[in-house]
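The values are calculated or read from the model by the stated rules, or taken from the named source; none is laboratory data. Just so you know, these numbers come straight off a predicted model, no measurement behind them. Every residue, glycine among them, receives a Cβ derived from its backbone with ideal geometry; neighbour counts consider all protein chains shown. Note: areas computed on protein heavy atoms with side chains; ligands, DNA, RNA excluded. Shrake-Rupley method; radii C 1.70, N 1.55, O 1.52, S 1.80 Å.
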Amino acid sequence: MNYTDMLDAALQRLHDEGRYRTFIDIERRKGNFPHAIWRKPDGTEKEITVWCGNDYLGMGQHPVVLAAMHEALDATGAGSGGTRNISGTTVYHKRLEAELADLHGKETALVFSSAYIANDATLSTLKTIFPGLIIYSDALNHASMIEGIRRGGGLKRIFRHNDVAHLRALLEADDPAAPKLIAFESIYSMDGDFGPIREICDLAEEFGALTYLDEVHAVGMYGPRGAGVAERDGQMHRLDIINGTLGKAFGVFGGYIAASAKMVDAIRSYAPGFIFTTSLPPVVAAGAAASVRHLKQDQSIRDRHQAAARMLKMRLKALGLPLIDHGSHIVPVHVGDPVHCKMLSDMLLEQFGVYVQPINYPTVPKGTERLRFTPSPVHDPKMIDGLVKAMDTLWARCALNRADISA
């Protein structure tokens with residue numbers, strides 16, 4: 001068995017399909033986001049503007065966050081020292097969980113090492129807590145939700161994306177006495193569309209199902225205190241479990257769930273993904289808590305964020321580009337071919353200092369490859385103007401709509 005040849009073949013398939021992922025070496029510099037330094041393979045450097053980051057509000061550079069992290073670092077040092085039940089629970093973790101519970105109007109919250117782990121660990125554990133549980137999952141749910149549902153075993157039903165009628169039909173077909181849970185998202189990150197929270201909650205009440213909402217791409221950015229789309233729509237109290245991240249709009253690192261005290265206690269007690277992993281460093285927990293606390297009262301940053309997204313979408317639409325616009329802050333431009341998508345990304349970086357990674361299969365279906373722009377409050381009109389002019393130049397030059405790239 002020649003394992004090296006098999007590795008070569010597997011990697012070559014990705015290259016042949018235009019799906020091989022290239023990591024760009026960038027250096028963020030404090031106080032200068034969204035500008036960064038790109039370190040090229042030849043050792044030279046180029047200043048770039050980051051247009052594809054998930055630090056949606058620039059909170060990773062916010063003075064309030066940095067001050068809290070410096071204070072915690074000086075007080076406690078680097079790591080947490082263990083799992084949560086073996087020396088890894090500190091006052092910083094408890095403060096963070098209290099901030100998150102308050103944010104979502106829940107009795108308590110539980111912090112994980114990432115939102116991916118929070119989804120995976122929670123959804124895979126619920127089958128143990130509720131024997132016979134049937135999970136109804138939106139077809140476009142994040143990979144972490146799919147993996148958690150898969151690992152949990154048991155019965156699952158996949159309903160067509162945002163199709164409430166299909167979800168109803170699936171619920172009607174199952175045993176009314178069986179425990180049920182509906183898992184879905186508030187904002188789907190690749191198209192930027194919203195989940196029908198109110199309608200799904202109505203069905204959950206009608207059929208006696210629990211609700212699990214992933215607010216990863218909404219926390220910090222929507223609602224009067226930044227709790228997400230469910231808060232904006234007045235539906236937070238109807239959700240049994242809310243999943244969120246600390247690594248996107250909050251600008252730090254980690255993930256969490258917020259729910260009733262008994263639900264969180266059960267997950268905490270049964271989920272291997274929580275029990276057997278080292279807890280977040282106190283310095284990270286302190287920074288995240290400061291970010292959550294600040295965004296509860298800073299509506300201006302959310303307003304500037306939405307204004308930047310509206311401006312970019314308006315400018316790109318004016319060029320006639322195939323923009324996917326569902327009203328959220330996410331700005332995807334459909335390209336439809338992985339090779340073209342990667343080439344356009346490379347040219348934006350090399351020629352204009354615009355850094356946006358191509359989004360290819362399996363993140364999105366084949367034929368829907370795209371560039372996904374994420375404007376933030378610190379992307380000013382001059383930066384937007386530079387991006388729009390770059391897209392106009394390259395789109396026209398490459399004739400990506402209909403012809404092969406010849407440039």
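Based on DSSP H runs of at least 4 residues, each adding -39500 (n - 2.57), what is the mean residue ellipticity at 222 nm of the chain after dividing by all its residues, to the nearest 500 deg cm²/dmol?
-13500 deg cm²/dmol
What is the sum of charges around LEU394, taking Lys and Arg as +1, Asp and Glu as -1, for the other residues whose C-beta is under 12 Å from the C-beta of LEU394?
-1
On a straight-distance basis, which lysines could pair with LYS342 in a cross-link, Cα separation under 16 angstrom, same-chain partners fewer than 8 positions away excluded?
Here the lysines satisfying the reach criterion relative to LYS342 are LYS366.
Summing +1 for each Lys or Arg and -1 for each Asp or Glu, what net charge is found among the other residues whose Cβ lies under 15 Å from the Cβ of GLN12?
Every neighbour counted, the sum reads -1.
Under the rule a/c < 1.5 gives rounded, and otherwise a/b versus b/c splits prolate from oblate, where does the stretch 131-178 land using the Cα gyration tensor?
Note, shape of the stretch 131-178 comes out oblate.
Show me the ranking of peptides 16-26, 250-260 by mean Cβ neighbours inside 10 Å, starting with the highest.
250-260, 16-26
Check the straight Cα-Cα distances from LYS317 and name the aspartates and glutamates below 12 Å, setting aside those fewer than 8 residues away within the same chain.
Counting by Cα, and skipping residues close in sequence, LYS317 has these aspartates and glutamates nearby: ASP325, ASP392.
The stretch 132-194: which trypsin sites (Lys or Arg not before Pro) are DSSP loop and have at most 15 other beta-carbon atoms within 10 angstrom?
Listed in order of number, the matching sites are ARG160.
In terms of the Cα gyration tensor, with a ≥ b ≥ c the square roots of its eigenvalues, is the stretch 147-306 rounded because a/c is under 1.5, prolate because a/b exceeds b/c, or oblate?
Oblate, since a/c reaches 1.5 and b/c is not below a/b.
Peptides 28-35, 107-114, 283-290, 203-210: what's the order by average Cβ count within 10 Å, highest mean first?
283-290, 107-114, 203-210, 28-35
Excluding residues fewer than 8 places away in the same chain, name every one of the aspartates and glutamates whose C-alpha is closer than 16 Å to that of LYS106.
Answer for LYS106, where 16 Å is the Cα cut-off: GLU97, ASP214, GLU215, GLU231, ASP240, ASP265, listed by chain and number.
Holding the Cα-Cα limit at 30 Å, pick out from LYS94/LYS313; LYS30/LYS382; LYS262/LYS296 the pairs that are longer than that.
From the list (LYS94/LYS313; LYS30/LYS382; LYS262/LYS296), the Cα-Cα distance tops 30 Å for LYS94/LYS313.
Residues of the stretch 201-323: accessible area per residue at 1.4 Å, in Å²?
36 Å²
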